[in-house]
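Colleague: This is the structure, below, for whatever I ask next.
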Amino acid sequence: MRSRRVIPASLRDSRVPSDTWAAPWKARCLRQATLFLTSGARLMVDLEVRTRVYHGDVFLLDSGQIVAVQARPEYLLRIRDASEDTVAELRAGRIPSSLREDGLYVPADDLSAFAIRRAGIRAEEVFAVFEADMGNEEIRDDL
């Protein structure tokens, strides 16, 4: 199976996906890759540019079928008392984040943990699905 195109969830039609690819945030930024689907099948992805895919997006296969993208839960850092300054500082450092009612969430990777410690911010580790707020989904070269 091969895909050269991603269809965003907002533009998706009523077709039923033939399979699903479940992955954490970091893995959902790709250009060329071999993906292992939930059925065990492999999907060769060959996109024109490096692309961030989101939960609900689909890969359009050369055959016309679609494969759903599913966000897989992962370890995150939750900052409960996130001030506007905290949010601005993390975003200025190109740390992907998601502001929710119960706190600010960032990936629990070394870069995020270092930035949070350096700023003297307290955070707790949680296991949840992560999607960065739109406009805050930097495609970093170190991913």
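What follows is calculated from the coordinates using simple rules that are stated; it is not laboratory data. No experiment lies behind these values; they were computed from the predicted model shown. Glycine gets a Cβ as well: all are built from the backbone with ideal geometry, and neighbour counts include every protein chain shown.
Colleague: If packing is taken as the average number of other Cβ atoms within 10 Å across a peptide's residues, how do 120-127, 49-56 rank, most packed first?
Modeller: 49-56, 120-127
Colleague: Residue by residue through the range 84-98, what is 3J(HN,Hα) from phi via Karplus (6.51 cos²θ - 1.76 cosθ + 1.60, θ = phi - 60°)? Round to whole Hz and write x for glycine and proline.
Modeller: Residue by residue, the range 84-98 yields 4, 5, 4, 4, 4, 5, 5, 5, 5, x, 6, 8, x, 8, 9 Hz.
Colleague: Turning to a different aspect of this structure: Note down the nm distance, to one decimal, between modelled labels 7 Å out along Cα→Cβ at GLU89 and at ARG15.
Modeller: For the pair GLU89/ARG15, the computed spacing is 4.7 nm.
Colleague: Semi-axes of the equivalent ellipsoid for the chain, please: Cα gyration tensor eigenvalues, times 5, square-rooted, ordered largest first, whole Å.
Modeller: Output for the chain: semi-axes of 31, 14, 13 Å.
Colleague: Same structure again: Please turn the phi angles of the range 37-52 into ³J(HN,Hα) values with the Karplus equation 6.51 cos²θ - 1.76 cosθ + 1.60 (θ = phi - 60°), one per residue in order, whole Hz, x for glycine and proline.
Modeller: 7, 4, 6, x, 6, 10, 10, 8, 10, 9, 8, 5, 9, 4, 9, 8
Colleague: Based on DSSP H runs of at least 4 residues, each adding -39500 (n - 2.57), what is the mean residue ellipticity at 222 nm of the chain after dividing by all its residues, to the nearest 500 deg cm²/dmol?
Modeller: That calculation yields -3500 deg cm²/dmol at 222 nm.
Colleague: What residues qualify as long-range amide H neighbours of ALA22, i.e. H under 5 Å apart, gap of 5 or more or another chain, H built at 1.01 Å from N?
Modeller: THR38, GLN70
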